[in-house]
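Right, one structure below, let's go through it.
Values in this text are rule-based calculations from the coordinates and carry no lab data. Worth saying up front: this structure is predicted, and the values here are computed from it rather than measured. With ideal geometry, Cβ positions are generated from the backbone for all residues, glycine too; neighbour counts draw on all protein chains shown.
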Amino acid sequence: MSSSMATQLQGKVAFITGAGRGIGAGIASVLASRGALVAVCDVDGSAAQETADHINTAGGRAIAGAVDVTEPDSLQPFTSRAIAELGDIDICVPNAGVIGGKGFATRKDFTKQDWDMTFAVNVHGVANTVDSVKQQMMTREQGKIVIIASHGGRKPRGVADRARGSAQQPYAVSKAAAIQYTHFLAMELGAYNINVNAVCPGRLWTPMWEAIAINHKELDPAFADMTPHEIFIEQIKATMPLGRPQTPEDIGKTVAFLASDDSSEITGQAINVNGGAIFS
Ligand SMILES: NC(=O)c1ccc[n+]([C@@H]2O[C@H](COP(=O)([O-])OP(=O)(O)OC[C@H]3O[C@@H](n4cnc5c(N)ncnc54)[C@H](O)[C@@H]3O)[C@@H](O)[C@H]2O)c1
């Protein structure tokens, strides 16, 4: 890494939800490697602690907390602790997300539980997270909010979604809501010099995509003889010009750019980091 990269976010304080594993852990590591002090939280507090330990061992500075983003009362104590221990929050990354309710992977169709869970975490959880940091950003007239949405929140993929993706419908609609929330929040906070953007990841091999692959097996006999990981790779080859999965670090690098001064004129945008997969 060049020295300018190492200092890209020097001394900035970043707040990241769902950072116990997967994309959130990758974002936290990249931001820390570029000089940010990071407050990482997850509904699984010990997983968040592992992420923080990893960053601290690597020479960064991180604190961890157990936070359920669906509960504003759960967020507030950790936000206050982050400000007290690290300083005012400059960067907020609502990343926590769920693909569906309990048992999603082995169901052929979505249920009310999938609607409730995806909207509670992927929509209300994002807004709760922003609400917990927004006022101090407005007072200081500076801030970067980077919401982790999904390219699945863009448009249905037609035949493929009809055949295989039906159980993911609540998830896709919740991610579309997160993108529209990004637009509205950018309008609201622009006058306070706060940038609000979304990153739309494509396909990453995390526990979330493993559940999706198991669900594909459930929905489509064509996948019967394939392992979940083979299904993941096949889907990537079929849809992504670059032909490879994205990594948590790939998402973290785009978040770092949107959290830096290099992107000060970018707001209200949702950026696909999806190997060129086209949703039309
Ligand atoms: N994996 C992909 O291919 C992919 C693609 C597009 C978008 N995304 C999005 O990226 C984000 C991270 O996905 P991931 O693949 O790392 O998922 P993951 O399931 O591996 O990790 C999600 C993390 O969020 C935490 N979490 C869940 N509910 C929470 C809550 N109520 N409060 C706090 N934390 C909670 C989980 O404990 C977990 O640590 C999600 O918003 C997801 O929708 C993922």
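In table form, for the structure just shown:
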quantity	calculated
Inter-part distance where the stretch 217-253 and the stretch 3-34 are each reduced to a Cα centre, Å	26
Fluctuation leader among Ala224, Ala198, Ala25 - the chain, Gaussian network, Cα springs under 10 angstrom	Ala224
Gain in span if fully extended, Ala84 to Met226, counting 0.36 nm per residue against the direct Cα distance	46.1 nm
Normalised contact order of the chain, rounded percent, pairs of Cα under 8 Å and 6 or more residues apart	20
Cα-based Kirkwood hydrodynamic radius, the stretch 154-280, one decimal, Å	16.1
Given charges at Cβ of Lys, Arg, Asp, Glu: the stretch 55-138 dipole, positive-most of Ala82, Gln113, Val126	Gln113
Bins of 10 Å, starting at 0 and running to the largest distance - Cα pair percent for the stretch 200-261	21, 44, 24, 9, 2
Rg/Rg_ref, the stretch 54-116, where Rg_ref = 2.2 N^0.38 Å and atoms are Cα	1.56
With Cα atoms, 0 to 90° folded angle of helix 248-258 axis to the chain main axis	50
Whole-number percent relative contact order across the stretch 114-272, with pairs defined as alpha carbons under 8 Å at least 6 apart	29
Long-range Cα-Cα pairs in the stretch 72-208 (distance over 24 Å), rounded percent	35
Tilt relative to the chain, helix 228-239 - C-alpha long axis, 0 to 90 degrees, to 10	90
Computed FRET value (nearest 0.05) for Glu71 with Asn193, which takes r as the C-beta separation and R₀ as 41 Å	0.90
Point-charge dipole on Cβ atoms (K/R +1, D/E -1) for the chain, about Cα centre, debye to 20	600
Candidates per trypsin sites (Lys or Arg not before Pro) in the stretch 86-122, loop by DSSP, up to 10 other Cβ within 10 Å	Lys108
Debye equation applied to the C-alpha atoms of the chain, log10 I(q)/I(0) at 0.15, 0.16 Å⁻¹	-1.09, -1.23
Helix 169-189 axis, angle to the chain major axis (alpha carbon atoms, nearest 10°)	30
Cα centre as origin, Lys/Arg/Asp/Glu Cβ charges: the stretch 189-280 dipole, Debye	80
Charge dipole of the stretch 3-74 about the Cα centre (unit charges at C-beta), most positive-ward option of Ala47, Ala64, Gln10	Gln10
For the stretch 1-113, size of Cβ-based charge dipole, Lys and Arg +1, Asp and Glu -1, in debye	380
Hull-based mean projected area of the stretch 1-141, where the convex hull spans the alpha carbons, in square nanometres	9.3
Cα convex hull of the stretch 234-280, projected area averaged across orientations, nm²	4.1
Mean Cα-pair separation over length for the stretch 1-84, i.e. relative contact order, pairs under 8 Å, 6 or more apart, %	26
